[in-house]
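Remarks on the structure that follows.
The values are calculated or read from the model by the stated rules, or taken from the named source; none is laboratory data. If you're wondering where the values come from, they're calculated on a predicted model, not measured in any experiment. Counting neighbours? That spans all protein chains shown, and the Cβs are built from the backbone with ideal geometry, glycine included. Only protein heavy atoms, including side chains, enter the accessible area calculation; ligands, DNA and RNA are left aside. Shrake-Rupley method; radii C 1.70, N 1.55, O 1.52, S 1.80 Å.
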Amino acid sequence: MVSKSYSMGLWGMHAFLVEVETDISAGLPAFDLVGLPDAAVKESRNRVRAALKNCGFDFPVSRITMNLAPADRRKEGPIYDLPLLISLLKVTGQLGAGTDGCVFVGELSLSGALRPVRGVLPMAIEARRLGFQHMFVPAENAREGAVVEGLSVYPVPDVFALLEHLRGHQPIKPAEPYRPDPQAKPALPDFADVKGQAQAKRALEIAASGGHNVLLIGAPGSGKSMLAKRIPSILPDMFFLNDTATTEIYSVAGLLPDDAALIENRPFRAPHHTISAPGLSGGGTIPRPGEISLAHNGVLFLDELPEFSRSAMEVLRQPLEDGAVTVSRVNGTVSFPCRFMLVAAMNPCPCGYYGHPTRPCTCSDSAVSRYLGRVSGPLLDRIDLHIEVPPVSFDSLTSAQKEESSAAVKARVDAARAIQLERFRNTAVACNAQIPPELLREVCCMTPDAETLLKNAFEKFGLSARAYDRVLKVARTIADLDNAPRIEARHAAEAVRYRTLDRKYWSRA
């Protein structure tokens, strides 16, 4: 006799249907689990056996064969405990209720209680796409799954409650569809806390308005990290599709907070400089997202940029261009989205005081060259704005004058983004930083004076074609902040000014 139940598997960001088939036959007692299970899945046999006995059910003394189909795709994790148990109860006649149209996901404790698992959101999305109407998940995962419309997601506390529901004795109420609460968003660090640094704030406003990458260069204690940590407070709010895409990544990585159904605030990831290249890009036998994907639709902050390993920094080059990172393994290839805003901070030299107005630099020329040389030209070329953050004066620090709040800056950023959303309506482009080459000439219309200025800058500074395109996109963003239909000379001049620091510092390298 054969019974069947349904579950879901994960490969990277994508879920796939798993059919759990169970056969009981005569012969010496055995419990075989096939279908490319990993070690955690194989251990499900012991958890299912103990849960059945502790819940008062009979465990068959027969030859049991359970197959996880498709058998050519590797299965990972404890998520198959619940569908294995349901299939076993059906094949032994201890559960007569039908389970067609139902998907089961969950890890069992030895007592029969369900523990939360990762990846429920992409599983729920795929289950709905395949036409399933009901999904049974651990109670802690129900809010996450309920984000998906058209699918009834049931919070299951334990095996007893699930069986009572399936038998029609005591139905479990489906989780309420998730409704975002704008008032529930936590307070973010505010730009009003930062004294002085008007020029750096202006540059970060431009970066947030167009989604541009930023490099902050300055002496220790000048406020680089403080400024970077406040960037999320001026970024536009995420749309539902952005929320869902970011939440899927956190769900797959197992990092979704217990009390959250959606990631509604833009992520801010700040990995330590000791992180490895796979830690940034993602990896593993069954690949999981790395830091650059966890920063999708948000900010990736790399403090002390030259201290990162060369391999880790170079990993960023292709994702910065494509907005996705591809991880290849023997079993297959996985692509993770990673549209993020790169914010990097660094000192100008090992001691940190090269170019300081009052403190002398103690580094030799060769030490400065080696330090700056750790940041490669190709990576530097992909950063749109290079910002010098000077030391804050005593008068600025002690001034009683109130600084502009993040809310005021965000209002201007939102207005600029609204212009871009209208401009790129019905396209995959979300902001100026993502303008593809085929739209660049059409979108970035310039006055003759602006075109002449950019031509002179291109020749004087020896800009690459990529750098020229990025300067043009930044100029378009500055024009949007001015609500100007065309890029004027003043917009182009400001954009060029943000690309000159590499000539000041890296010419020495």
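Protein heavy-atom surface of region 374-509, 1.4 angstrom probe: 54% of the accessible area is carbon and sulfur, with nucleic acids and ligands not counted. Taking a ≥ b ≥ c as the square roots of the eigenvalues of the Cα gyration tensor, an a/c ratio of 1.5 or more together with a/b larger than b/c marks the chain as prolate. Give a residue-ordered list of calculated ³J(HN,Hα) values for region 356-361 (Karplus: 6.51 cos²θ - 1.76 cosθ + 1.60, θ = phi - 60°; whole Hz; x for Gly, Pro). In residue order, the calculated couplings are 5, x, 10, 9, x, 7 Hz. Report the residues of region 474-509 in range of a label on Thr427: point 7 Å along Cα→C-beta, backbone N strictly under 19 Å from it. In region 474-509, the label zone of Thr427 (backbone N under 19 Å from the point 7 Å along Cα→Cβ) covers 474-488.
Full extension of the chain between Asp193 and Ala484 yields a length gain of 101.7 nm, computed as 0.36 nm times the residue separation minus the alpha carbon distance. Taking all protein chains as present, what is the carbon and sulfur share of the accessible area of region 1-58, in % to the nearest whole number, probe 1.4 Å? Of the solvent-accessible surface of region 1-58, carbon and sulfur hold 54 percent. Placing a label point 7 Å from the Cα of Val392 along the Cα-to-Cβ direction, the residues of region 224-241 whose backbone N falls under 14 Å from that point are 224-230. Taking each residue as 0.36 nm, the span from Gln401 to Ser25 lengthens on full extension beyond its C-alpha to C-alpha distance by 127.1 nm. If both residues of a DSSP beta bridge must be in the chain, then about 45% of such bridges are antiparallel. Counting only protein heavy atoms and using a 1.4 Å probe, the accessible area of Arg359 comes to about 120 Å². At a probe radius of 1.4 angstrom, the accessible area of the chain per residue rounds to 43 square angstrom.
Judged by the mean number of other Cβ atoms found within 10 Å, the most tightly packed of the peptides 71-81, 22-32, 244-254 leads the ranking 244-254, 71-81, 22-32.
For Lys75, the lysines whose Cα falls under 25 Å of its own Cα, not counting residues fewer than eight places away in the same chain, are Lys4, Lys42, Lys90. With the whole protein complex present, Arg503 retains an accessible surface near 80 Å², based on a 1.4 Å probe. The gain in end-to-end length when the Lys455 to Val2 segment is fully stretched comes to 155.7 nm, 0.36 nm per residue minus the alpha carbon separation.
Only protein heavy atoms count here; under a 1.4 Å probe, Glu404 has an accessible surface of about 80 Å². Between Ser309 and Ala50, the simple spin-label model (points 7 angstrom out along Cα→Cβ) gives 3.7 nm. Label-to-label distance for Leu255 and Asp414 is 2.8 nm, based on points extended 7 Å past Cα in the beta-carbon direction.
Taking packing as the residue-averaged number of other Cβ atoms within 10 angstrom, the listed peptides 3-11, 275-283 run from highest to lowest as 3-11, 275-283.
From the square roots a ≥ b ≥ c of the eigenvalues of the alpha-carbon gyration tensor of region 208-351, which class results: rounded (a/c under 1.5), prolate (a/b over b/c), or oblate? Oblate shape, in that a/c is at least 1.5 and b/c is the bigger or equal ratio. Each residue of region 467-479 was assigned a 3J(HN,Hα) from its phi angle through the Karplus curve 6.51 cos²θ - 1.76 cosθ + 1.60 (θ = phi - 60°); the sequence is 4, 4, 4, 6, 4, 5, 5, 5, 4, 5, 5, 4, 5 Hz, with glycine and proline shown as x. Judged by the ratio a/c of the largest to the smallest principal axis of the C-alpha gyration tensor, region 35-140 counts as rounded, that ratio being less than 1.5.
Here each label is just a point 7 Å from Cα along the line to Cβ, and for Glu438 and Gln170 those points are 6.0 nm apart. Here the Karplus curve 6.51 cos²θ - 1.76 cosθ + 1.60, taken at θ = phi - 60°, turns the phi angles of region 430-438 into couplings of 9, 7, 5, 5, 9, 4, x, x, 5 Hz, with x standing for Gly and Pro.
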